[in-house]
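The values are calculated or read from the model by the stated rules, or taken from the named source; none is laboratory data. Since this is a predicted model, take the numbers as computed values, not measurements. Glycine gets a Cβ as well: all are built from the backbone with ideal geometry, and neighbour counts include every protein chain shown. Each accessible area value is taken on the protein alone, full model and side chains, heavy atoms only, with ligands, DNA and RNA left out. Shrake-Rupley method; radii C 1.70, N 1.55, O 1.52, S 1.80 Å.
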Amino acid sequence: MKYIIFFISLSLIYSCREGAEDTVDKEKIDENVIIHEEYQGESPEVPEATEFYEPAVPRVLPFASNGVPSDAIVLFDGTSLEAWISSGDSTAADWHLNKNGTMTVKDQAGDIETRQHFGSIQLHLEWKSPEEIRREGQNRANSGVFLSGLYEVQVLDNNDNDTYVNGQVGSVYKQHIPLAMASVPSGDWNTYDIIYHAPEFNEKGQKIKSGTITVIHNGVLVQDHVEIKGTTEYIGWPKNPAHGKGPLKLQDHRDDSRVSYRNIWVREL
Ligand code: MG
């Protein structure tokens, strides 16, 4: 009897799944996504019904110059801080420009941000915490990448240095715990590849669509299209001020972080 019930349940589940698949296929046809208009309402019996040649896909050379894609906007290539200003007073960025093509946080100089403002972007940057260890927890090589100047992806030296997990390296600060801790040893260069979709607001300033963040840390997915709850606050709840395009901001945590950056570029989405 037990086996009969089991097989009946199994066939019921299977028939439900088949029904669900039928529904999905019809929806796709209705959306005119996978089938040409002239074949609408019919079963696509020829391969051409589901093959598209428009819109043309733009050509991007992936390693056009110094490994940067041909359509990217270079924000830091090691030669100048011209693309950056001080967040505090909009004067020239006052961080250390090093002779080896990198820049380093200048303690107490404050955050810096790009002159140019962006909406949704693909961002690549590389960062390094100092080999020489000082301090503990949130005060060990703390910096951060602020998307639209408001939403922080944490930069921190977490090697043998635990802290609250929603504020550790790769977190969307105090909102999303990273899926993995993928840092290289202190003193080596990390890569962050970030896909950021900016939130959308209506004319009344109300949020109508949340922003999302995906982060790949040294080739490892650590944030998978997570929803931004609002500003990434140290104390208190996230806030949701309406905004349009904003700068990319890098944090001076004001505790002698000595974090360095190099090779920063974005592609607008
Ligand atoms: Mg930080």
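Within the range 239-250, can one find any residue that is at positive phi and not in a strand (DSSP E or B)?
Step one: filter the range 239-250 for residues at positive phi, giving none.
No, the range 239-250 contains no residue that is at positive phi and not in a strand (DSSP E or B).
Please give the number of the condition N100 fails out of (1) exposed (fewer than 10 other Cβ atoms within 10 Å of the Cβ); (2) over 18 Å from R258 (Cβ atoms).
Unmet condition: (2).
Is the range 170-179 home to any residue that is assigned to a helix (DSSP H, G or I) and of a type outside the set (V, I, T)? Lay out the reasoning, then the answer.
The first filter runs over the range 170-179 and keeps only residues assigned to a helix (DSSP H, G or I), leaving none.
No, the conditions are met nowhere in the range 170-179.
Are there any pairs with C-beta distances below 6 angstrom linking a residue in the range 132-157 that is within 9 Å of the ligand (Cβ to nearest atom) to a residue that is among the aromatic types (F, W, Y) and open to solvent by 10 Å² or more (accessible area, probe 1.4 Å), with the two at least 6 apart or on different chains, and if so which?
Correct list of pairs: E152/F146; E152/Y173; Q154/Y173.
Is there any pair linking a residue in the range 165-190 that is free of Cβ contacts under 8 Å to residues at least 24 places away in the same chain to one that is within 12 Å of the ligand (Cβ to nearest atom) and open to solvent by 50 Å² or more (accessible area, probe 1.4 Å), with Cβ under 6 Å and at least six apart or on different chains, and which?
Note: pairs meeting the criteria are N166/K174.
Could we say that I121 is more than 11 Å from the ligand (Cβ to nearest atom), touching a residue at least 12 places away in the same chain (Cβ under 8 Å) and more than 20 Å from V226 (Cα to Cα) here? Before the answer, list the steps.
Numbers: more than 11 Å from the ligand (Cβ to nearest atom): yes; touching a residue at least 12 places away in the same chain (Cβ under 8 Å): yes; more than 20 Å from V226 (Cα to Cα): no.
Judged against the criteria, I121 is not a match.
Filter the range 122-168 down to the residues that are open to solvent by 10 Å² or more (accessible area, probe 1.4 Å), within 24 Å of G246 (Cα to Cα) and not acidic (D, E), then identify the one that is nearest to the chain's Cα centre (by Cα).
Out of the qualifying residues, it is Q122.
Those residues that are open to solvent by 20 Å² or more (accessible area, probe 1.4 Å), closer than 17 Å to G170 by Cα and of a type in the set (V, I, T), I need them from the range 213-264; list them, please. Step through it out loud before you land on a result.
Taking the range 213-264 and keeping what is open to solvent by 20 Å² or more (accessible area, probe 1.4 Å), we get 214, 216, 218-221, 224-227, 229, 233-245, 249, 251, 253-254, 256, 258, 262-263.
Then keep just the ones that are closer than 17 Å to G170 by Cα; that gives 214, 216, 218-221, 224-227, 229, 233-234, 249, 251, 253.
Scanning the range 213-264 gives T214, I216, V220, V226.
Scanning for something under 29 Å from D157 (Cα atoms) and buried (at least 18 other Cβ atoms within 10 Å of the Cβ), does the range 43-66 turn up at least one residue? Steps first, please.
Filtering the range 43-66 down to residues under 29 Å from D157 (Cα atoms) leaves 66.
The next check asks that each one be buried (at least 18 other Cβ atoms within 10 Å of the Cβ); those that pass are none.
Looking for residues that are under 29 Å from D157 (Cα atoms) and buried (at least 18 other Cβ atoms within 10 Å of the Cβ), one finds none in the range 43-66, hence no.
Is it the case that S87 is open to solvent by 30 Å² or more (accessible area, probe 1.4 Å) and farther than 22 Å from W189 by Cα? First the steps, then the outcome.
Working: open to solvent by 30 Å² or more (accessible area, probe 1.4 Å): yes; farther than 22 Å from W189 by Cα: yes.
Against the criterion (open to solvent by 30 Å² or more (accessible area, probe 1.4 Å) and farther than 22 Å from W189 by Cα), S87 qualifies.
Do you know which residues across the range 158-169 are outside any loop (DSSP other than H, G, I, E, B) and within 12 Å of the ligand (Cβ to nearest atom)?
G167
A quick yes/no check of all residues on (1) over 24 Å from G67 (Cα atoms); (2) more than 16 Å from the ligand (Cβ to nearest atom):
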position: I213; (1), (2): no, no
position: W237; (1), (2): yes, yes
position: G244; (1), (2): yes, yes
position: R254; (1), (2): yes, no
position: S260; (1), (2): no, no
position: I264; (1), (2): no, yes
